[in-house]
Structures are given as structure tokens and as C-alpha cells.
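The values are calculated or read from the model by the stated rules, or taken from the named source; none is laboratory data. From a predicted model like this one, the values you see are computed outputs, not experimental measurements. Don't worry about glycine lacking a Cβ; one is built from the backbone with ideal geometry, like all the others, and counts go over all protein chains shown. Calculation scope for accessible area: heavy atoms of the full protein, side chains included, ligands and nucleic acids excluded. Shrake-Rupley method; radii C 1.70, N 1.55, O 1.52, S 1.80 Å.
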Amino acid sequence: MSATMTASKEAKRAPVPMNGVDTPALFATIDAVRAQPELAKFQFRAKSHWVSGTQSRCTMHGFYGAGNELTHVTAFTAVGDHPAVLCGADHGPTPVEWVLHALASCLMAGVGNVASARGIKLNKVEATLVGDIDLLGVLGLSNEVRNGYQGVSVSFVIDGDASPEELEKIVMQSKARSAVYDIVTNGVPVSIGVKTPAMA
């Protein structure tokens, strides 16, 4: 079968829900945004409150997208803290661990979507993330050491109804379209404003 015939066959294949992904809705969303690019504008928000020591609690509920103010089905809460060895009470993962979680969950979502869009059933997907950090920067003991991770590695174990090459391409396509991978590897401008009671 020629490459042209194969591509034509794949183009005509009707998408079906797969791997827990509503694939028809995924393609419908892509088509809707293609027709109305303004629907692609989203704004996500988080509100954090200091609890005590190094512990904080962050809530994520409302966001803007597809031309409307929207909310999650419930307000989601995430707790951040430091372990005792870093002068915390260990009530939650450290902020840098949450970064690993964000990267992992973004890549995983992409793998699920890409595999389903390509009609490939997944049997197992696992990712192990490792981030190396040197606290000399954070503790102000060296201006030569950066505060954040010096490097992050992601190792995937993936099994599905496709060749090893096809499965690897799914992971690489997820990386190519991952918002969090882009944020982590390219950085993003961050502005910080401050208000005090006297300024309110």
C-alpha cells in the first residue's frame, strides 16, 4: 500500500473514544479553534495563602477560555511545604516537586491524546522525573549557582498496540506540544506586584 493510500485511509478513519479520551470531541475542538482562532485564548489562575512556616495552600477554581469565564467542577487545592531537613513541616511536596508533577501530568495528557488521535490503544504509560538542584544558590551562599533545577530528566516506559518506533513518536509529539515543557525549557516573563495594608 502506498504512503498516499495509507494517509488517505487514516484521514477517512472516523475517530472513536479511546484510552479514556473523547477523541471525537478532541477533533471537534481542534476544528472549532481552527475556524475561530480567538477561542484558543485561555487564562489560568491560582490563589495562594500562607499557612505557617514554609507551608502554603493554593486554590485553583476559575479560569477563562473559549470566550467565557469558566470554573472547574470543584475548587482544587494544592499544598506546598518543605521537609524537615529544609526547615519545613512536610505537609506537602516542595514547590520544585510540584514543577515535576506539572511537567509529568502535561506530558501524560499529551501522550493520551496523541495516541488516541492516532488510533493506538495504550496498555501502560509511566514516567519517572528527576530534577537536580544545588541549594548553594537558594541559600544565598553562591552567586555562581542558579536557584532552580540544573537539569531535569524524564524517562518513559510505554506499552501499546503499536511498534516501538510509533510509541516513541507519540511521546516525542507530546513533548513538542506540551505547554509545561515549553514553560520549563523556554521560560516565561513573570511580573510580581506587592500590596501592603497601607497601600490597599
Where the second residue is assigned to a helix (DSSP H, G or I) and modelled with pLDDT of 95 or more and the first is farther than 13 Å from ALA66 by Cβ and open to solvent by 80 Å² or more (accessible area, probe 1.4 Å) and lies in region 26-44, which pairs have Cβ atoms under 8 Å and are six or more apart or on separate chains?
none
Can you tell me which residue in region 156-200 is least open to solvent (accessible area, probe 1.4 Å), limited to those that are within 18 Å of LYS124 (Cα to Cα), among the polar types (S, T, N, Q) and under 24 Å from the mean Cα position of the chain (by Cα)?
SER174
Among the residues of region 111-139, which ones are open to solvent by 60 Å² or more (accessible area, probe 1.4 Å), of a type outside the set (Asp, Glu) and not in a helix (DSSP H, G or I)?
ARG118, LYS121, ASN123, LYS124, THR128, VAL130, ILE133, LEU139
Any chance region 62-76 includes a residue that's open to solvent by 80 Å² or more (accessible area, probe 1.4 Å) and aliphatic (A, V, I, L, M)?
yes
Starting from region 155-178, take each residue that is free of Cβ contacts under 8 Å to residues at least 24 places away in the same chain and of a type in the set (A, V, I, L, M, F, W, C) and list its partners that are in a helix (DSSP H, G or I) and surrounded by 12 or more Cβ atoms within 10 Å (Cβ to Cβ), counting only C-beta distances under 9 angstrom and pairs at least six apart or across chains.
ALA176/GLY110
Given the criteria in a loop (DSSP other than H, G, I, E, B) and open to solvent by 80 Å² or more (accessible area, probe 1.4 Å), does VAL145 qualify?
no
